[in-house]
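See structure below.
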Amino acid sequence: MTRLIYLLGLLAPWVAASLSADEFHEALTLHPLPDGKLSVLFEFTTYFSGSTGHGRTPESHHSLTSPSLLLPLQQNNVSELSISFVSGQWDQHRSGQAGPLSYGSGGGGGETRGWLRNSKGASPGKVNENWVAVTNALGGLFCATLAPAKEGEVVKTFGDIYPPSRETKQNLTHFHVPHPEQLLCAENLTPFLALLPSKGVSGLSHLLAQPGVVLSWGFKAEGIEVIMPDPSTATGGLWKGWWEGVVDLVPVTGGSRASSIEKLFRRSIPRVFPEASSSVIRLITPEQDNFRMEPQAGSREEQWLDGRKREVMVWDLMDGGLVGQDLRFWWENEGDFGHPLKLESSPISISRRMAAPYASDGTFVIRITNNGDDQRDAVYSEVWPWWVKGWMSEVSAAVESGETEGSSSELLRHLAYHPSYPPHPSTTSLHFSLTLPAHATLILTIPYSKLTIKYTEHRPDAERGVELPSGVLTLLDLEGESDFPNSTVIQSRRSGRTHIYTTRLLLDLPTPDFSMPYNVIIMSCTVMAVFFGMMQGALSRQWGYVDTAMERLRGRGKVTEGARRGAEMGPEGEGDTEKIS
Amino acid sequence: MRFAASLWGLALLLAQLGLVLANQVHQQVNDLFGHNGSGSATTHTNNWAVLVCSSRYWFNYRHMANTLAMYRTLKRLGMPDSNIILMLADDVACSARNPFPATVYANSGRQMDLYGDAVEVDYRGYEVTVESFLRLLTGRHAPHTPPSKRLLSDASSNVFIYMTGHGGNEFLKFQDNEEVSAFDIADAIEQMSEKRRFNKLLFVIDTCQANTMYSKFYSPNVISTGSSAIGESSYSHHNDVDLGTAVIDSYTHYILQYLETLGKTSRATLQDFFNTYDPARIHSHPGISTELSPTQPDGILVTDFFGGVVSVEVTPKADELDPLRTAGSAGWVSGRRRGARGIGEGGQSSPSPSPMKGPPMRRTEGVRGWANPTERQTEGGWVGNAALSAVLLGIGGYLLIDPRTDRPGIKRE
């Protein structure tokens, strides 16, 4: 009996641990877009407990989470961290959506941001060092550059734009490093799959583990978001990975948009990952009556998506009925797909262009269109490298069209300007607090100059230009996307999308002729050689008559005379003669 | 008391039996792994490779393909990804001009995708610079450089360096704006040699006037080979019409054609490899330099460099420390590539020869490294002693120690 109790005592922590066991959820969301394309989103969410054991030494137990992801975060006091890679452009106008379904995806290139805990008693520089360490570690993990090249490239003013996703009593610092030059390729997908508990061999990740297929899509986004367990509030951790792509459903030669899982992935619906707590395929049905799918969905939900109430079909894969099957969808009686003449636009859309681009300066023109019925509050933020110098006194905000007219001061309520300190590697960050009138386009213009950078600071492909990180519009008045039956809230605010991104911008810098330094070196060497040669000559030479051999030949008598005189003069005279010659 | 005496008798009998059995097993294991028949005078216990494509832009597709074909060959011959440092100056696989996204082919029929499903590019794009290459070789990194970007080789590593790009007399162009000179590489290799970062080194380069690139080497145990003599160009082999560019260089094409015939257990030597050089087919005169190596190429297996076939040093069981105790300090977790990648490496600017990064097979060396070598006796004796003491300890433990008592000082990861 005592042995049994002893055994139970041994098992108790294990039972407790298994009760708070890690959970893994996976979902595949298909979203047909009005322009004949399909947005495909994989989401893998893992909940993990913050148990670090009760022994004297710190322990960490990992069942579904990868230590290679969590250990560097743990070691560097990370509270939250998000990495995003985006390749390709999201067409806000044609898709009718302000951005991809994965709200965590940035605007373009790579991006890392996170909240780090300030450890008590540590020096203020410690948290910065932790950030460099964790971004380097994850950069190595994801086969990409995520760390700042210089410490000045870290942006710390985005804390209000990306607030911590949960309440905490801890003292946190926000870090943000944009890497707009990064792209998304197979080497970034490999580690992503390796981090998943299903490793791309079973469950929905099996569909994703085909770089040749998923990387041939137009728009691609990959990212992770990790929220570490909070010891102060005893909450568990969560990490979510997503992969989104946009496929063109219309064949190159024209035709209908009919498609299926097998057509998209060349694979049927795989077996469910045994450790998964949920595994679903969702389809956001288009707002057309002739849309059909087979087999029929197990359940349906309603969701507000960018200000529109949408119907979502859900197939639960856990019951195993769909394994090895296909899921087809099509538009009844659709012959050749014709591109719609009129497209419903998203409530808010944004674009950034460059006007009057000269070698030395130009103007950023940011157009923010509010298609909703209501005035909106938002913050528009930009990050520039140090060599972009904005003319802050010349910034203007104006309404292009619509009934509402407002003065610049009403539209642009406040501007937070954090300048860089050239010529050191540093960043300028700007936050414009804007009022977006209903049914109007706000135009924000920011003139700028490009400072000269050293020829060693140019990129290897300097003529291509340098990407600027995408601008981000943060909406301050969103109402969320879950449905309330009797809500009377204005539609355009019903969305979960807090951030809307512009595309990144390629800025060309005046590039020197890189052979010039060599020309200059050669020229200055020549000048120096001539100068020093002349100085040397002037200092060491002496002008005078030379008694040459010809003269000796001309008059032998004179020669003997000269020789005699030379002998009389002695060795000093001889020396003089030699110097001259 | 009689009972105890008989137990002792039994223990001694068991110990004898254990001794005999352990000796036999040890002999077998030694025969199997100890000297895997390699003709090399000195043995190595791990392989490392640095593959460098120093050219940028789509029209240099063939340089990326050269490097990736080497990468694929190394992986095929058993080298783990953690021991291959792959540097690609551009990303042709996901270039907008690539009609076959996320793939790189080295033949016109596009038979084999070199990019594959699990490629790991350690340095890509702007990261590929002369500075990062020389830092990689010499092991002088910024403090937080992740392990995946470090060449963690040691004195028993065979290191293979492959470079391709556009070069000239004693230089190789990196990206489009800088060059590494033959002197720089020679000095870097000398530093590697001084820091005992390799046992043997094979340097292969495919570029114009490639043989000039190793002409300045002066460190021992280096074998070098290049694609073309001074004054000669190295040419591409053929084009692919759909890609619209040359897919592979001639020299690399022919050496790969040869390497493709080798398997993990191949007995071919470097001399066999060099014998396949045919200047008429390659359209240039490949060079071979063996003067710095005391072992001639016919004494070195190709798989000593291309692949993860290593001779495992068999150490007796008793030499191993208790894994539970050793794990806390160095971490078994970091033995695996992915595990090692993410872990912040602190301020290790010049990491000690780390046995932790590599195939799990090398675990034993790691443990041996920590054991005190002066305490080692003849191996068979150790096993016998170990078996004897194990049996005695077991019996003693059973008689004396309460098995429920936790052992003190045990750390788990």
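Every read-out reported here was derived from the displayed coordinates using simple, explicitly stated rules and does not represent laboratory data. Since this is a predicted model, take the numbers as computed values, not measurements. Every residue, glycine among them, receives a Cβ derived from its backbone with ideal geometry; neighbour counts consider all protein chains shown.
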message: Are there any trypsin sites (Lys or Arg not before Pro) in region B:252-311 that are in a DSSP loop and have at most 15 other Cβ atoms within 10 Å? List them by number.
response: B:Lys264, B:Arg267
query: ³J(HN,Hα) across region B:64-77 via Karplus (A = 6.51, B = -1.76, C = 1.60, θ = phi - 60°), whole Hz, x for Gly/Pro?
result: 4, 5, 3, 5, 5, 5, 4, 4, 5, 5, 4, 5, 5, 8
message: Only counting other Cβ atoms within 10 Å, I'd like A:Asp289, B:Asp176 sorted with the fewest neighbours first.
response: A:Asp289, B:Asp176
task: Rank these for me by crowding, B:Ile288, B:Ile189, going from fewest to most other beta carbons within 10 Å.
output: B:Ile288, B:Ile189
- request: Excluding residues on the same chain fewer than 8 positions from A:Lys342, give the lysines whose Cα lies under 18 Å from its Cα.
  value: A:Lys37
query: Mind listing the phi-derived Karplus ³J(HN,Hα) values for region A:350-363, rounded to whole Hz, using 6.51, -1.76 and 1.60 with θ = phi - 60°, and x for any glycine or proline?
result: 9, 9, 10, 10, 10, 10, 6, x, 9, 4, 9, 7, x, 9
message: Taking the beta-carbon count within 10 Å as an exposure proxy, list A:Trp384, A:Trp543 from fewest neighbours to most.
response: A:Trp543, A:Trp384
message: How high is the relative contact order of chain A? Use alpha-carbon pairs under 8 Å, at least six apart in sequence, and give a whole percent.
response: 15 percent
message: Once each part is reduced to its C-alpha centroid, what is the distance from region B:47-125 to region A:368-390 in angstrom?
response: 40 Å
Entries in B:Lys149/B:Lys195; A:Lys150/A:Lys450; A:Lys126/B:Lys149; B:Lys149/B:Lys264; A:Lys240/B:Lys75; A:Lys156/A:Lys309 that, when Cα-Cα distance is taken, lie over 28 Å: A:Lys240/B:Lys75; A:Lys156/A:Lys309
- request: Rank-order A:190-197, A:362-369 by packing density, defined as the average count of other C-beta atoms within 10 Å over each peptide's residues, highest first.
  value: A:190-197, A:362-369
Cα-centre dipole for chain A with unit charges at Cβ (Lys and Arg positive, Asp and Glu negative), debye to 20: 1460 debye
message: Please give the charge dipole size of region A:153-291, origin at the Cα centre, charges +1 on K and R Cβ atoms and -1 on D and E Cβ atoms. Round to the nearest 20 debye.
response: 440 debye
- request: Report, ordered by chain and residue number, the lysines lying within cross-link reach of B:Lys216, taken as a straight Cα distance under 18 Å and ignoring same-chain residues fewer than 8 apart.
  value: B:Lys173, B:Lys200
message: Nothing charged except the Cβ atoms of Lys and Arg (+1) and of Asp and Glu (-1): what's the magnitude of the dipole of region A:261-342 about its Cα centre? Round to the nearest 20 debye.
response: 220 debye
field: Most positive-pole-ward Cα, A:Cys185, A:Gly110, A:Ser198, against dipole of region A:86-233 from beta carbon charges
entry: A:Ser198
Other protein chain Cβ atoms within 10 Å, averaged over every residue that makes up A:130-143: 6
task: For peptide B:120-132, compute the average count of partner chain beta-carbon atoms within 10 Å of each residue's beta-carbon.
output: 4
message: Residue by residue through A:179-192, how many Cβ atoms from other chains fall within 10 Å of the Cβ on average?
response: 5
Degrees between helix A:124-141 axis and first principal axis of chain A (Cα, 0 to 90, nearest 10): 80 degrees
Span from the region A:292-310 Cα centroid across to the region B:243-285 one, whole angstrom: 57 Å
Loop trypsin sites (Lys or Arg not before Pro), region B:65-122 (other Cβ atoms within 10 Å of the site Cβ: 12 or fewer; DSSP): B:Arg97
query: Given the C-alpha centroids of region A:66-103 and region A:246-265, what is the distance between them in whole angstrom?
result: 27 Å
- prompt: For B:Phe306, what is the net charge nearby, where nearby means another residue's Cβ is under 14 Å from its Cβ and Lys, Arg count +1, Asp, Glu -1?
  reply: +3
statement: Longest principal axis of chain A (C-alpha) makes with the long axis of helix A:186-195 (C-alpha) an angle, in degrees to the nearest 10, of 50 degrees
field: Measure of compaction for chain A (Cα Rg per 2.2 N^0.38 Å)
entry: 1.41
- line: Note, region B:271-283: 3J(HN,Hα) by Karplus (6.51, -1.76, 1.60, θ = phi - 60°), whole Hz, Gly/Pro = x, goes 5, 4, 4, 5, 5, 7, 4, 10, x, 5, 7, 6, 6
message: Sort A:494-507, A:258-271 by the packing proxy (mean of other Cβ within 10 Å over each peptide's residues), most packed first.
response: A:494-507, A:258-271
